[in-house]
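The values are calculated or read from the model by the stated rules, or taken from the named source; none is laboratory data. Keep in mind that what you see is a predicted model, and the values were worked out from it rather than measured. Note that we place each Cβ from the backbone using ideal geometry, even for glycine, and neighbour counts take in every protein chain shown.
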Amino acid sequence: MAKNHVIVLTNLKSKIQESKLPQHIAIIMDGNGRWAKKQNKLRVFGHENGAKSVKEVVEASAEIGIKHLTLYAFSTENWNRPKLEVQTLMKLLVSSLKKEMSHLHKNNIKLNTIGDIQSLPKKVYQELMDVIELTKNNTHMTLTVALSYGSRDELINSLKEIAIKVKNNIISPEKIDESVINQHLYTHNLPDVDLLIRTSGEQRISNFLLWQIAYAELYFTDVLWPDFKKQDLYVAINDYQQRERRFGKTSEQIKTTQK
Ligand code: IPE
Ligand code: IPE
Ligand code: MG
């Protein structure tokens, strides 16, 4: 790597302000297929290289001090992809989990999942359970992987659970508020998303965390997921830190409370 390039990268990392770190970053990891196609390779090749970016981003986030990182790995809609692609993605998941579990544990990272994980192949489910069990007491960062995840599916599930509790007089309808809904989502133990990143140039949400991104800052980049490296994450965080999060208030109000 050229010396100048190294300096730029170091600066990007050191420019990140610790006091303004996003507590929760969520990423829609998109563009594996197009990345492979550009090189006349099969889509699977893109997914394999996408796994390397996952490793980079997990490491970078833990190094900077991000408390919660959530990665969209497989959506409820992705079940409609060709059977072979789905099978390969599942196999890749098992092998990545096997390969990375000790590394995650050594770095004090806790693995968590959101989504209909019961619908995953047994092998994937078992491997996930093993890593979740191994890392359950880790405290440095929570890595949440969204698998067979759909936000609408999540909302339907939570509404059903709440409806049953209302029917059984456990909750009264008047008591249903944001916190009750939060408690019944797959993300019940996570804070709201502060920064949502989507790679590959697409500017859509694709059924990801609809409720939880209500006030997230959105960051879209043309970089395809297998090309997304540590410095790309630093760029996104630097961009986030330039923004003023007003939560409905005026800029003046925000500036006075900051003083
Ligand atoms: C993201 O890359 C990975 C998954 C959705 C599993 P894609 O496979 O969607 O890649 P593109 O969008 O076709 O390039
Ligand atoms: C979203 O990517 C799901 C994941 C990144 C896992 P897709 O590539 O499936 O999204 P759409 O269908 O193009 O919106
Ligand atoms: Mg895609």
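Among the criteria (1) surrounded by 18 or more Cβ atoms within 10 Å (Cβ to Cβ); (2) within 21 Å of N189 (Cα to Cα), the one H47 does not fulfil is (2).
You will find that of E100, E56, the residue that is more than 16 Å from ligand 2 (Cβ to nearest atom), among the charged types (D, E, K, R), surrounded by 17 or more Cβ atoms within 10 Å (Cβ to Cβ) and in contact (Cβ under 8 Å) with a residue 40 or more places away in the chain is E100 and no other. Listed by first and then second residue, the pairs linking a residue in the stretch 15-44 that is within 19 Å of Y215 (Cα to Cα) and among the β-branched types (V, I, T) to a residue that is more than 15 Å from ligand 2 (Cβ to nearest atom) and at pLDDT 95 or above, with Cβ atoms under 6 Å apart and 6 or more places separating them unless they lie on different chains, are I25/I66; I25/L195. At least 3 residues being within 16 Å of ligand 3 (Cβ to nearest atom), within 20 Å of K230 (Cα to Cα) and more than 15 Å from the chain's Cα centre (by Cα) is the threshold, and among the helices (runs of 4 or more DSSP H) wholly inside the stretch 3-113 those reaching it are 43-64. If the condition is being modelled with pLDDT under 95, surrounded by 10 or more Cβ atoms within 10 Å (Cβ to Cβ) and of a type in the set (K, R), then the stretch 244-259 contributes only K255. Among the residues of the stretch 80-97, those identified as within 12 Å of ligand 2 (Cβ to nearest atom) and surrounded by 13 or more Cβ atoms within 10 Å (Cβ to Cβ) are R81, E85, V86, L89, L93.
So that you can scan it fast, the table gives a plain yes or no per residue for (1) at pLDDT 95 or above; (2) more than 16 Å from ligand 3 (Cβ to nearest atom); (3) surrounded by fewer than 22 Cβ atoms within 10 Å (Cβ to Cβ):
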{"position": "L196", "(1), (2), (3)": "yes, no, no"}
{"position": "G201", "(1), (2), (3)": "yes, no, yes"}
{"position": "S206", "(1), (2), (3)": "yes, no, yes"}
{"position": "Q212", "(1), (2), (3)": "yes, yes, no"}
{"position": "Y219", "(1), (2), (3)": "yes, yes, yes"}
{"position": "L224", "(1), (2), (3)": "yes, no, no"}
{"position": "Q231", "(1), (2), (3)": "yes, yes, yes"}
{"position": "V235", "(1), (2), (3)": "yes, yes, yes"}
{"position": "D239", "(1), (2), (3)": "yes, yes, yes"}
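Against the conditions (1) in contact with a strand residue (DSSP E or B) (Cβ under 8 Å, 6 or more places away or on another chain); (2) more than 16 Å from ligand 1 (Cβ to nearest atom), V166 satisfies every one except (1). The lone criterion from (1) closer than 28 Å to E154 by Cα; (2) touching a Gly at 6+ places or on another chain (Cβ under 6 Å); (3) within 8 Å of ligand 1 (Cβ to nearest atom) left unmet by R43 is number (1). Just one of the listed residues (I156, I164, I197, I170) is assigned to a loop (DSSP other than H, G, I, E, B) and either more than 30 Å from T139 (Cα to Cα) or touching a residue at least 40 places away in the same chain (Cβ under 8 Å) (or both), namely I170. Quick check on the stretch 241-256. Is at least one of its residues touching a residue at least 60 places away in the same chain (Cβ under 8 Å) and touching a strand residue (DSSP E or B) at 6+ places or on another chain (Cβ under 6 Å)? The answer is no, given that none of the residues of the stretch 241-256 is touching a residue at least 60 places away in the same chain (Cβ under 8 Å) and touching a strand residue (DSSP E or B) at 6+ places or on another chain (Cβ under 6 Å). Restricting the stretch 8-40 to residues that are under 27 Å from R245 (Cα atoms), charged (D, E, K, R) and surrounded by fewer than 18 Cβ atoms within 10 Å (Cβ to Cβ) leaves a set whose member that is nearest to ligand 1 (Cβ to nearest atom) is K13.
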